Amino acid sequence: MRPGCVLVFCMCISVFLHRAISQPPTETDTYTECTDGYHWDPQTQHCKDINECETIPEACKGEMKCFNHYGGYLCLPRSASVIPAPEPPNQIHPSLENTASEPFNPCPPGFEPQGDSCVDVDECEQDSHDCQPSQQCFNTEGSFSCQCPDGYRKVGTECIDIDECRYRYCQHRCVNVPGSFSCQCEPGFQLAGNNRSCIDVDECGMGAPCSQRCYNTYGTFMCRCEQGYELGPDGFACNDIDECSYSSYLCQYQCVNEHGKFSCVCPEGYQLLGTRLCQDINECETGAHQCSDGQTCVNIHGGHKCVNNKSCQEPYVQVSDRCTCPITKPGCRDMPYSVVHRYMSITSERSVPSDIFQIQATSVLPGAYNTFRIRSGDDNGDFYIRQINNISAMLVLARAVNGPREYVLDLEMVSVNPLVSYHTSSVLRLTIYVGPHAF
């Protein structure tokens, strides 16, 4: 049997039954008056609810929110939501049902006849839906649905923002915004490509304010300094360390602070030995002196002296390397027979007692007894003689002395032979230069 025949057959039976059990109105075929809160919709031939929240300006005052309701409206706090009981679309209020005014529709709810078949009614296109302005209407087979935008969920007829942050989508911090959310990272991190994870920021490669060395760490960075510098209070700048202020023993003479290091310098007449010690410069060996041909260069600590080769004074005469006083001269009667000149240099603050010079007799007569003494030049008693044996003695520094200073000591050896009534003496004239430093 063809579908069209079935539809005609059903329509005939429906019309027949309707006219059999319904009695026609006596005055009119339609009702166009509705109760309060509703108005007549000539298109749908139904009473439709009035949305007072849209038609009444400022329906709710203050912090109250307007919620439309069947036949009226409610003023509730803005945080409240109304969840109405669901009902089929296009449902007619029971009290307003008037079957006599409705055109006969042989199709199921949500469909309308078209020719010999029933087609779906697109309530969204006909604007016969009740979706909120913030919602989107989607037509379905025989009905429609109201859906909320992304980031919202439907509670009753309202769309409520979804707090995505409570689902811990973000690794560090989550900021909820209407309809969405955003992730933020702690200082030292940045959002990864997925906009949720946080990855470390290499501050060293992005121009960290370290003045010398930068080391990246997880979530931050550290500044470090080269040797000879220390990190300043701000944690970024490197300040020079004044090593010289820490100790007076870094250099033997003087410490000079430099950027990132220090250096040692020596006084005039000295040169560095290694990096910290000072060594006397022997100008007599290096040729850095100006002594004449008739002079002898004597090196001393921190300098040199030029002494005359012929230094004999009357009544002495020069004989080889010494001065002698002939016994034939009357002025030589009480004088040492010979005088020999010698030179030496010692440092200041030398530890005492200290052996500094040994006296050695070059010739001794048989049967003679020799004694050694300081004949002159030691007015303060800074030295003494310690005799070793009959032919030698040691000059000893008895007290610490500071330079620069010069001593001229006459060290005398007295020879006596009682068997032949022999008595003579000889002098070693020792010039001692005390250097200005302890090195």
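The values are calculated or read from the model by the stated rules, or taken from the named source; none is laboratory data. It should be emphasised that the depicted structure is a prediction, and the values quoted were computed from it without experimental measurement. Every residue, glycine among them, receives a Cβ derived from its backbone with ideal geometry; neighbour counts consider all protein chains shown. Heads up: the accessible areas ignore ligands, DNA and RNA and are worked out on the full protein's heavy atoms, side chains in. Shrake-Rupley method; radii C 1.70, N 1.55, O 1.52, S 1.80 Å.
General observations
- Single residue of the range 50-67 satisfying the filter (assigned to a strand (DSSP E or B) and open to solvent by less than 60 Å² (accessible area, probe 1.4 Å)) that is farthest from Thr157 (Cα to Cα): Cys66
- The number of residues in the range 236-249 being modelled with pLDDT of 95 or more and in a loop (DSSP other than H, G, I, E, B) comes to 4.
- Residues (more than 13 Å from Leu411 (Cα to Cα) and of a type outside the set (A, V, I, L, M, F, W, C)) located in the range 371-398: Asp379, Asn380, Gly381, Asp382, Asn389, Asn390
- Of all the residues in the range 397-439, those that are of a type in the set (Phe, Trp, Tyr) and buried (at least 20 other Cβ atoms within 10 Å of the Cβ) number 1.
- The test for being touching a Cys at 6+ places or on another chain (Cβ under 6 Å), open to solvent by 70 Å² or more (accessible area, probe 1.4 Å) and at pLDDT 90 or above does not hold for Gln147.
- If you go through the range 307-335 and pick out every residue that is within 30 Å of Ile281 (Cβ to Cβ) and open to solvent by 50 Å² or more (accessible area, probe 1.4 Å), you end up with 4.
- Some residue of the range 341-350 being of a type in the set (Val, Ile, Thr) and closer than 28 Å to Gly303 by Cα: yes
- Tally of residues being closer than 25 Å to Val420 by Cα, open to solvent by less than 80 Å² (accessible area, probe 1.4 Å) and of a type in the set (A, V, I, L, M, F, W, C) across the range 336-377: 5
- Selected residue (criterion: nearest to Met222 (Cα to Cα)) from residues of the range 171-201 that are touching a helix residue (DSSP H, G or I) at 6+ places or on another chain (Cβ under 8 Å) and assigned to a strand (DSSP E or B): Cys174
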